[in-house]
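What follows is a set of notes on a single structure, which appears directly below.
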Amino acid sequence: MTTSSATEAAPVRVMLSKVPEITLWFWIIKILCTTVGESFADWINTTLGVGLEATSVIFTVVLAAVLSWQLALRRYVPFVYWLTVVVVSVTGTLYTDILTDDLAVPLGVSTLVFAIVLAAVFGAWWASQRTLSIHSITTTRRELFYWLAILVTFALGTAAGDGILELTGWSPGVSVLLPAGLLVAVIVGWRMGGNPVLAFWLAYILTRPLGANLGDWMSFPVSDGGLGIGVGPTSIFFLGAILATVVYLTITRTDATENAQTRRPQTTPRRRRGTLIYFSAVAAIAAAVLVWAHAQPHSTAAASEEGPNTVVTLAPEESATINFPNGSVANYRSIVEDTLGLVMAGDTAGAQTRITDLEKAWDEDQPTLQPLDGTGWTILDGQIDAVLKSVRASTPDPTAEKSALSTLLNTLSS
């Protein structure tokens, strides 16, 4: 049994470590979990038509239940631990999506806010326990700090990953390369003798956009730079891989703290200072790459293959035009017309089901359309959000629904 290294203000119950040893298995299953967090949330929210708010409430309740189970245990149990990580991954993704889709908070602002919140969590954790090492998770208080930090890292990783896609206009396949490269750089820094706690949390944050972009790459249509597998099959594949890995770890216990033989690099204060300079240089290079990518033309081959563009004139108060492929605009207009007809007929359930098709099509087309005209895309995105909010309201107002749908339809028909 391990003991706490920090001085406690009062006697606490010390337990066996509640987290796995940091081995290759840890990072494999962590990436699998983050991929599920992106694809599974999209599948329930969009494909099944549950809706963002309802899905968020459901997973918040599930998270409370699963986390209570994890906290009640006195040792590391692979199935419960990784189930908690999966649920935290989905929930953190949904929280970021609410800020972006429902509250229209820019991704850059969300990223900054979550970074500040994470810094505050780490600050409170350090002030209370004098350690941020996951090898010291032997009290309930430390475990609560640990899970709170993990929840915020998932939200931060989601905002940062989506923000990079928006900033650069990269396809999902290309966008995988940046977090993957940064993750390799963190591993190199750790092997050089860098602070292991810093390296761990940097890697933990980076695996979130890596897994999310990997999930997008597999699930997005081929026309949008993906593999066209779909969010449902992608989620099932990764959930199956997680289950198989958890079964293996449960049987072998190779990642249990008392059994694992992890070789940790030797570190000294001088090496740690050197790796801080190294990490700073890597961050500067990554920032330069993002600035360069943002300055490049964001047109895509997929867009050009869809034929002539439609120039849509926006409402009078919105002095902008957008250039979208004819096929995309016609598809959106058809869905909006159908939904408006259902609203006028009083078919609330049918309207909510049909408008989900618009949300799904819009999200799938984002990598293609947004780079063509970011301003126009933002305006249409706001109109679509208004439609989704009015149609999916707990007590829909037909007048508000018709107004939002008519505004969007006029924009698409101009």
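The values are calculated or read from the model by the stated rules, or taken from the named source; none is laboratory data. Source: prediction; values computed, not measured. Backbone-built Cβ (ideal geometry, glycine too); neighbour counts: all protein chains shown. Side chains are part of the model used for accessible areas, which takes the heavy atoms of the whole protein and leaves out ligands, DNA and RNA. Shrake-Rupley method; radii C 1.70, N 1.55, O 1.52, S 1.80 Å.
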Residue-by-residue Karplus 3J(HN,Hα) for the range 117-132, coefficients 6.51, -1.76, 1.60, Hz, glycine and proline x: 4, 5, 4, 5, 4, 4, x, 5, 4, 5, 4, 7, 10, 6, 6, 10
Reachable lysines, given that their alpha-carbon falls under 28 Å from the alpha-carbon of residue 402 and they are not under 8 places away in the same chain: 360, 389
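So if we plug the beta-carbon distance of residue 102 and residue 349 into 1/(1 + (r/R0)^6) with R0 = 30 Å, what FRET efficiency do we get, rounded to 0.05?
The value I calculate is 0.90.
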Area projected by the alpha carbon convex hull of the range 18-158, averaged over all directions, nm²: 8.4
Phi to ³J(HN,Hα) by Karplus 6.51 cos²θ - 1.76 cosθ + 1.60 over the range 397-407, Hz, x for Gly, Pro: 9, x, 5, 5, 5, 4, 5, 5, 5, 5, 4
FRET efficiency estimate (nearest 0.05) - Cβ-Cβ, residue 402 to residue 192, R0 51 angstrom: 0.25
Label-point gap, in nm, between residue 272 and residue 177 - each point 7 angstrom along Cα→Cβ: 3.6
Alpha-carbon Rg/Rh ratio, for the range 325-413, with Rh computed the Kirkwood way: 0.96
With every protein chain in place, the range 77-182: carbon and sulfur % of accessible area (1.4 Å): 77
Nitroxide proxy distance, nm - points 7 Å out along Cα→Cβ at residue 375 and residue 68: 5.2
Karplus (6.51, -1.76, 1.60) ³J(HN,Hα), θ = phi - 60°, over the range 76-84, in Hz, Gly and Pro reported as x: 6, 10, x, 4, 5, 4, 6, 4, 5
Three semi-axes of the equivalent ellipsoid, the range 69-220, Cα gyration tensor, whole Å, largest first: 26, 19, 16
Spatially proximal lysines relative to residue 18 (Cα-Cα < 27 Å; intrachain offsets below 8 disregarded): 30
Estimated FRET transfer efficiency (residue 126, residue 393; beta-carbon r; R0 45 Å; 0.05): 0.55
